[in-house]
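See below for the structure under consideration.
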Amino acid sequence: MAHKVVVTREVFDDALDRLRAAAIVVDNQGDVPLPPAELAARAADADAIVCALTDRVDAALLARCPRLKVVANIAVGYNNIDLAACTARGVMATNTPGVLDETTADFAWTLMLGAARRITEAERYLREGQWTGWQLKQLLGVDVHHATLGIIGMGRIGQAIARRATGFSMQVLYCNRSRLDAEVERGLNARWVARDELLAAADFVVLMVPYSEATHHLIGAAELARMKPTAVLVNTARGGVVDDVALVDALRRRVIAAAGIDVFEGEPAFHRDFLALDNVVLAPHIASSSAATRRAMAMLAARNAIAALSGERPPNLLNPQVLQA
Ligand code: GLV
């Protein structure tokens, strides 16, 4: 019997073509997010689900999909998937690491530069017709070059962010669960420090950790208070890594100078008070969104799903225990 694959959101046609060559595909090219009950109904007899970070794959869904072999997430982060529940049911779970590293690093830099140089504020000022002439003290920002960059979460993307810092003659500090090899550190010109030291010393603090219970509100009021009043915070990790209520308060009271935020607690909802602040650059979770990279992510998810359905080990298997069972 042919395999059935449910694709939960709109994807590029070539990813669908690749899946269609291997299975019967139920797509969602209308891109209307599927409520949990609708996803469960579509996936009830599915062998694979290709999903997005907007889909919650939990024990309740898995219980309704007895044929399911694989859940292929179109994202590197997979906190939308209950990995333990997948493993308990013998369902493989995969993500899309690697293909988005450079694009996401580019965007972390977009937010760093944008927040430091007040670009969205400046554009609003101009568009609203407020610009009446050049002034020496107009929209003064902070320098990026020769500043200290602190990266919290020094995986592949964190390292790609660090590599770019050389061109800006920056000092790089990082903290990570484990220290990088000395040679990698040397190559990145990066120094491993404790989180509190990084927060106190960095002019730019960039968050690139996965979301988990351990990283929930990693940055809250106390951590923001440790940062320099001239510092810029960038969150390209996940909503919930930062306590957004505390961040709004810190930006309002200028505890830190500015922030660049791509991800929000409870997105697509977000703390509406961000909108009233000039010192924050806001983006709707688009760090990996170049045409080439989003296509590569969809293609990789398709490849993972097809490999699992073909009895092969998917290249980005998150729970290899299911193969040993
Ligand atoms: C995007 O946020 C991803 O995890 O790929």
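The values are calculated or read from the model by the stated rules, or taken from the named source; none is laboratory data. Computed from a predicted structure; not experimentally measured. Neighbour counts run over all protein chains shown; Cβ positions are idealised from the backbone, glycine included. Accessible surface areas use protein heavy atoms only, side chains included; no ligands, DNA or RNA. Shrake-Rupley method; radii C 1.70, N 1.55, O 1.52, S 1.80 Å.
Once the dipole of the stretch 101-282 is set up with Lys and Arg at +1 and Asp and Glu at -1 on Cβ about the Cα centre, which of T236, H271, T110 lies farthest towards its positive end? The residue sitting most towards the positive pole is T110.
Listed values for the stretch 134-145 are Karplus-derived 3J(HN,Hα) couplings in whole Hz (6.51 cos²θ - 1.76 cosθ + 1.60, θ = phi - 60°), namely 5, 9, 4, 9, 7, 6, 5, x, 10, 6, 8, 4, and x replaces Gly and Pro. Here's the list of lysines a cross-link from K69 could span, going by alpha-carbon distance under 26 Å and ignoring same-chain residues fewer than 8 apart: K4. Regarding the chain, what's the average projected area of the Cα-atom convex hull, expressed in nm²? If you wrap the Cα atoms of the chain in a convex hull and average its projections, you get 18.4 nm². The stretch 232-308 and the stretch 82-152 have Cα centres lying 8 Å from one another. Net charge dipole, the stretch 7-53: roughly 100 debye, given to the nearest 20, about the Cα centre with Cβ charges of +1 for Lys and Arg and -1 for Asp and Glu. Using the alpha-carbon centroid of each, what span in Å lies between the stretch 205-230 and the stretch 45-76? So the separation of the two Cα centres works out to 31 Å. The magnitude of the dipole of the stretch 64-193, with charges of +1 and -1 set on the Cβ of Lys/Arg and Asp/Glu and taken from the Cα centre, is near 380 debye. The alpha-carbon of K228 sits under 29 angstrom from the alpha-carbons of these lysines, leaving out residues fewer than 8 places away in its chain: K137. Taken per residue, the accessible surface of the stretch 101-282 reaches 50 Å², heavy atoms only and a 1.4 Å probe. For the residues Y174, Y125, Y78, a 1.4 Å probe over the protein chains yields an accessible-area ranking, largest first, of Y78, Y125, Y174. Relative to the Cα centre, the charge distribution of the chain, modelled as +1 at Lys and Arg Cβ and -1 at Asp and Glu Cβ, gives a dipole magnitude of about 320 debye.
For the chain, the residue among P320, I256, L83 whose Cα projects farthest onto the positive side of the dipole built from Cβ charges is P320.
Only Cα pairs under 8 Å and 6+ residues apart enter the sum, and on that basis the relative contact order of the chain stands at 19 percent. Label point of R56 set 7 angstrom out along Cα-Cβ; within the stretch 73-103, amide nitrogens under 15 Å from it belong to 79-83, 85.
By how many nm would the segment from L136 to A200 grow when fully extended, if each residue of separation counts as 0.36 nm and the alpha-carbon distance is taken off? Present the calculation step by step, with values, prior to reporting the outcome.
Numbers: separation 64, 0.36 × 64 = 23.04 nm, distance 3.03 nm.
Fully extending the segment from L136 to A200 adds 20.0 nm.
What a 1.4 Å probe finds exposed on the stretch 101-282 is 53% carbon and sulfur by accessible area, rounded to a whole percent.
Please give the FRET efficiency for D278 paired with E10, using the beta carbon to beta carbon distance and R0 = 41 Å, rounded to the nearest 0.05. Intermediate values should be presented prior to the final figure.
On the way: r = 34 Å, r/R0 = 0.84.
Rounded to the nearest 0.05, the efficiency is 0.75.
Quick one: compute the contact order of the stretch 95-172, relative version, from alpha carbon pairs under 8 angstrom and 6+ residues apart, as a percent. Intermediate results must be reported in sequence, preceding the final value.
Numbers: 58 pairs, mean separation 29.6, N = 78.
Across the stretch 95-172, relative contact order equals 38 percent.
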